[in-house]
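Student: Next up is a structure, given as structure tokens.
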Amino acid sequence: MADTHETISCPACGKTMKKVFIPNLGINIDICTEGCGGIFFDNREFKQFDEQNESIDMITKELENKEFIPVDENQVRICPACGAKMVKNSTRAEGDVIVDDCYSCGGKFLDHGELEKIRKEFRTEKDRAGDAVRYLYSKVGKEIAAASNPYASERVAGNMQWKKHSPIYNLFTKIMGL
Ligand SMILES: [Zn+2]
Ligand SMILES: [Zn+2]
């Protein structure tokens, strides 16, 4: 999906977000400079900022020396680009950073400070995917394997109920394409 060109409101605090053009990538990032300090990335834009060798100077420059209003990170957010409900996902198997993803348009919202935390988790995207797969294998691998057996599927579906809607479950299903 293309970059949003119209001004959008922050999904966390409702303030108008500032469009910041990143010249070397030719894209706009929406930053909540006057409200909570959150950042909204259109579809796939985030991939260009999550590794340590990728520059976020343009983003941090907009946010430095500012005070931000506190927001409730547990609240369900509505995607500012397409209006769909966003889904909370863990950024790693056993981490504490929860981001909001829009499965409808691919948008992603990060609360203030999360970008820096996510970049510290893994050196590359490949390392991040490996972490999720290892965790999946250790925790739910057996259940997934059993689920492919039609005779076991009902029982397994019951066992897996608790994982539905948890951020970790969402992360796995996304990475595994389940
Ligand atoms: Zn905000
Ligand atoms: Zn959306």
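The values are calculated or read from the model by the stated rules, or taken from the named source; none is laboratory data. Quick caveat: nothing in here was measured; it's all calculated off a predicted structure. FYI the Cβ positions are ideal-geometry reconstructions off the backbone, even for glycines, and counts take in every protein chain you see. Please note that ligands, DNA and RNA were not included when accessible areas were found on the heavy atoms of the full protein model with its side chains. Shrake-Rupley method; radii C 1.70, N 1.55, O 1.52, S 1.80 Å.
Student: Calculate the dipole size of the stretch 18-121 relative to its Cα centre from +1 charges on Lys and Arg beta carbons and -1 charges on Asp and Glu beta carbons; express the result in debye to the nearest 20. Mind showing how you got there, number by number?
Tutor: Details: 14 positive and 21 negative charges, 61 e Å.
Here the size comes out at about 300 debye.
Student: Additional query: How much accessible area does residue 125 have with a 1.4 Å probe, in Å² rounded to the nearest 10?
Tutor: 60
Student: Accessible surface of residue 5 in the full protein assembly, 1.4 angstrom probe, to the nearest 10 Å²?
Tutor: Around 140 Å² of this residue is reachable by solvent.
Student: Pull out the extension gain between residue 34 and residue 58, defined as 0.36 nm times the separation in residues minus the alpha carbon to alpha carbon distance; nm, one decimal. List each step's numbers first, then the result.
Tutor: Working: separation 24, 0.36 × 24 = 8.64 nm, distance 1.63 nm.
Taking 0.36 nm per residue and subtracting the Cα distance, the gain is 7.0 nm.
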